[in-house]
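J.: Got a structure here, written out as structure tokens. Questions coming.
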């Protein structure tokens, strides 16, 4: 939107300068006015086509506009003698006022083109001009941007509640849309996880400690890419934030894309684990495990629990004894053995 507004301003300034010069007594009474008209039209069409066909990139700093203007003025000063050289070399007889008008129009077009290119290719300026970089200056704490897995996991809410992350929390609208799709899934397990994520998000919004907001801003660079993960990378860069996730693959992609990422599982692995050997917990067995006599269950946060001696107890709630736990970047696994049926089920037997 800003770029189209700038293009409109370019047209207005170009037309104003053109009319002002052509309307002067020296040019209006001569045949040179058609040379000025057609010259201005040709330059305007050329720079606009070149501008529109140039690949689009984001505007990150107002300094790019001033840098482009400075470069445009320097180029205009360098190319101004070329107009005199062309008129003399080809014997084009123009009055001084016409030559002056052409130089003015050429300068406007060059300044417009340089500003437009810098606005959309600012990331490459440092490669062309060493030690010059238009970096976004962020004030205060960098925002923490949640992905779907971090919201469903739920531990990030406790971390924010404990003020470990003293930063504003953002949830992009496309992440919220994905969370809603999961909550509406036909798969029961996915539907439960999606609804859990929505509940956690509501609790975070109700908290007086957590500064969280749903970001509905439409960013063209984000909308152009496909896939939630790619959108999340572009959104994080545009907000100069950090991604909070439990997705192992997303963590690796963020590192490759040079996006700051906080893996909740890595953070949890550096803290004392909650599931200690010898403790007991209740879990519902959902499916058989890979090994003989193993049954698989899941906690409310999606943690996998592998239970020995529970292969024939699918669909039952068991009280198990924890033998060990494993915390990796890919997630947490708890291993245990069957002790007895959960007490809440005994009364029904």
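The values are calculated or read from the model by the stated rules, or taken from the named source; none is laboratory data. Note that this is a predicted model, so its numbers are computed, not measured. Here Cβ is always computed from backbone atoms with ideal geometry, including for glycine, and neighbour counts include all displayed protein chains.
J.: Give the residue that is nearest to residue 230 (Cα to Cα), with candidates limited to residues of the stretch 248-267 that are in contact (Cβ under 8 Å) with a residue 40 or more places away in the chain, over 15 Å from the mean Cα position of the chain (by Cα) and part of a helix (DSSP H, G or I).
T.: Top of the filtered list is 248.
J.: Looking only at the stretch 35-85, filter to residues that are modelled with pLDDT of 80 or more and under 30 Å from residue 219 (Cβ atoms); which one of those is surrounded by the fewest Cβ atoms within 10 Å (Cβ to Cβ)?
T.: My answer is 70.
J.: Let me ask another. Can you confirm whether the stretch 232-251 contains a residue that is under 19 Å from residue 163 (Cα atoms), surrounded by 15 or more Cβ atoms within 10 Å (Cβ to Cβ) and at pLDDT below 85? Walk me through how you get there before you give the answer.
T.: Step one: of the stretch 232-251, the residues under 19 Å from residue 163 (Cα atoms) are 241-245.
Right, trim to surrounded by 15 or more Cβ atoms within 10 Å (Cβ to Cβ) and you get 241-245.
Those still in the list that are at pLDDT below 85 too: none.
No - not one qualifying residue is present in the stretch 232-251.
J.: If I filter the stretch 149-172 for residues that are free of Cβ contacts under 8 Å to residues at least 24 places away in the same chain and closer than 24 Å to residue 225 by Cα, do I get at least one hit?
T.: Within the stretch 149-172, none of the residues are free of Cβ contacts under 8 Å to residues at least 24 places away in the same chain and closer than 24 Å to residue 225 by Cα.
J.: Now a separate question. Examine the stretch 89-109 for a residue that is at pLDDT below 70, touching a helix residue (DSSP H, G or I) at 6+ places or on another chain (Cβ under 7 Å) and either assigned to a helix (DSSP H, G or I) or surrounded by fewer than 15 Cβ atoms within 10 Å (Cβ to Cβ) (or both), and state whether such a residue exists.
T.: No - not one qualifying residue is present in the stretch 89-109.
J.: Take residue 296 and tell me if it is buried (at least 18 other Cβ atoms within 10 Å of the Cβ) and either within 25 Å of residue 189 (Cα to Cα) or at pLDDT 80 or above (or both).
T.: Yes; evaluated as a whole, the condition is true for this residue.
J.: May I ask you to list the residues in the stretch 142-174 that are modelled with pLDDT under 85 and within 11 Å of residue 243 (Cα to Cα)?
T.: Hit for the stretch 142-174 is 142, nothing else.
J.: Have a look at 275, 186, 244 and point out the one that is touching a strand residue (DSSP E or B) at 6+ places or on another chain (Cβ under 8 Å), outside the structural domain of residue 341 (by TED's automatic domain parsing) and assigned to a loop (DSSP other than H, G, I, E, B). Before the answer, list the steps.
T.: Values: 186 fails: touching a strand residue (DSSP E or B) at 6+ places or on another chain (Cβ under 8 Å); 244 fails: assigned to a loop (DSSP other than H, G, I, E, B).
Just a single option satisfies the conditions, and that option is 275.
J.: Might you let me know whether the stretch 196-216 holds any residue that is under 11 Å from the mean Cα position of the chain (by Cα), in a helix (DSSP H, G or I) and surrounded by 14 or more Cβ atoms within 10 Å (Cβ to Cβ)?
T.: No: the stretch 196-216 contains no residue that is under 11 Å from the mean Cα position of the chain (by Cα), in a helix (DSSP H, G or I) and surrounded by 14 or more Cβ atoms within 10 Å (Cβ to Cβ).
J.: May I pose another question? Kindly indicate which of 306, 222 is surrounded by 14 or more Cβ atoms within 10 Å (Cβ to Cβ), assigned to a helix (DSSP H, G or I) and at negative phi.
T.: From the options 306, 222, the qualifying one is 222.
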